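See below for the structure under consideration.
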């Protein structure tokens, strides 16, 4: 048999396999309201049908009202049905992992944070912080080395994972751009916006002196809007408007913002983040000022599609430039939106995700 004949047969076999429906069980960290699950999983789901991927979802947050027996039967049925188990960020219980292992399922694990670390915001709350972090690190890294594939949200995460599991690929966090840049003005004041979970408010509070300087320069002409599950409380003189985060209203709340910010501490936890806040601002055409930490500095071309601020003086200068220059805000916002449209959409990465779902094999 010639090499060309063998190649033709292999291609025919591959095409036949790709024409079959593939069955995947997704185990997300949360429901669609959870930002990590929403951007890393749920927005891909409508695209899977076109690639012959069938799926079922088991979300712990949506299973609390179901009896234990019903839940266990559902888990067993779904595991028997699935070819691949896709775990998104949150590690499963030992019992669950044992069932998955006994049924010899392909396991793909997706992460967008340094999950082996404890959030630095908890440091003051935990008396045994270092002990908890050591235990957490051991648990996660012991599990990571057994997965058949790990999908990391950026190359910083991938490099960390590769020390324990060489079968790692990078798929960045992605999202769809708004159909148009739509500013809903309810005030003549310039609004600096921040959106996120309360676990990350500690980073925002680090800009307290910058906000005070902004207030002193522009008096009441600038507001800070915080869209979060909990309100921001600190003693800066700038006026703070707190808006309760809600999936249905986040876009409209952000559309009132003239500038979006993402301050971060430069540590391992934040270097492994996937720039979610920044991408949200850029997708909506809101000019972003961000810390040059981790993947932020890989995406932002300073002064072209956003601004990088590494110290208080840079934060103050970039914010002042944007506050005073409407044209600059529009230009940077449009460039940021174009960056997302060209490089960070689900449509751009669905083929890679499907390839991983179909072609990953048990180690």
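The table that follows gives values for the structure above.
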quantity	calculated
Residue satisfying condition, being more than 23 Å from residue 156 (Cβ to Cβ) and more than 19 Å from the chain's Cα centre (by Cα), within set 321, 302	321
Complete set of residues in region 229-241 that are within 19 Å of residue 33 (Cα to Cα) and out of contact with any helix residue (DSSP H, G or I) (no Cβ under 6 Å at 6 or more places or on another chain)	231
All strands (runs of 3 or more DSSP E) inside region 157-248 with 2 or more residues being in the same structural domain as residue 262 (by TED's automatic domain parsing) and surrounded by 19 or more Cβ atoms within 10 Å (Cβ to Cβ)	190-195, 222-228
Criterion (farther than 30 Å from residue 51 by Cα, out of contact with any helix residue (DSSP H, G or I) (no Cβ under 6 Å at 6 or more places or on another chain) and in contact (Cβ under 8 Å) with a residue 60 or more places away in the chain) met by exactly one of 356, 323	323
Unique match (being within 19 Å of residue 153 (Cβ to Cβ), surrounded by fewer than 20 Cβ atoms within 10 Å (Cβ to Cβ) and within 26 Å of the chain's Cα centre (by Cα)) among 134, 113, 124	113
Residues located in region 254-283, provided they are part of a loop (DSSP other than H, G, I, E, B) and either more than 24 Å from residue 209 (Cβ to Cβ) or in contact with a strand residue (DSSP E or B) (Cβ under 8 Å, 6 or more places away or on another chain) (or both)	256, 257, 258, 263, 264, 272, 274, 275
Residues that are under 19 Å from the mean Cα position of the chain (by Cα), surrounded by 19 or more Cβ atoms within 10 Å (Cβ to Cβ) and assigned to a loop (DSSP other than H, G, I, E, B), drawn from region 330-363	344
So residue 333, is it out of contact with any strand residue (DSSP E or B) (no Cβ under 7 Å at 6 or more places or on another chain) and closer than 19 Å to residue 190 by Cα	yes
Residue tally, condition out of contact with any helix residue (DSSP H, G or I) (no Cβ under 7 Å at 6 or more places or on another chain), part of a helix (DSSP H, G or I) and either modelled with pLDDT of 95 or more or outside the structural domain of residue 22 (by TED's automatic domain parsing) (or both), over region 78-101	3
Flag if residue 126 is in contact (Cβ under 8 Å) with a residue 24 or more places away in the chain, under 19 Å from residue 269 (Cβ atoms), outside the structural domain of residue 268 (by TED's automatic domain parsing) and part of a loop (DSSP other than H, G, I, E, B)	no
Qualifying residue in region 302-310 (condition: on the phi < 0 side of the Ramachandran plot and free of Cβ contacts under 8 Å to residues at least 12 places away in the same chain)	yes
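The values are calculated or read from the model by the stated rules, or taken from the named source; none is laboratory data. The model shown is predicted, which means the values in this text are computed figures rather than measured ones. Glycine also receives a Cβ, built like all others from the backbone with ideal geometry; neighbour counts cover every protein chain displayed.
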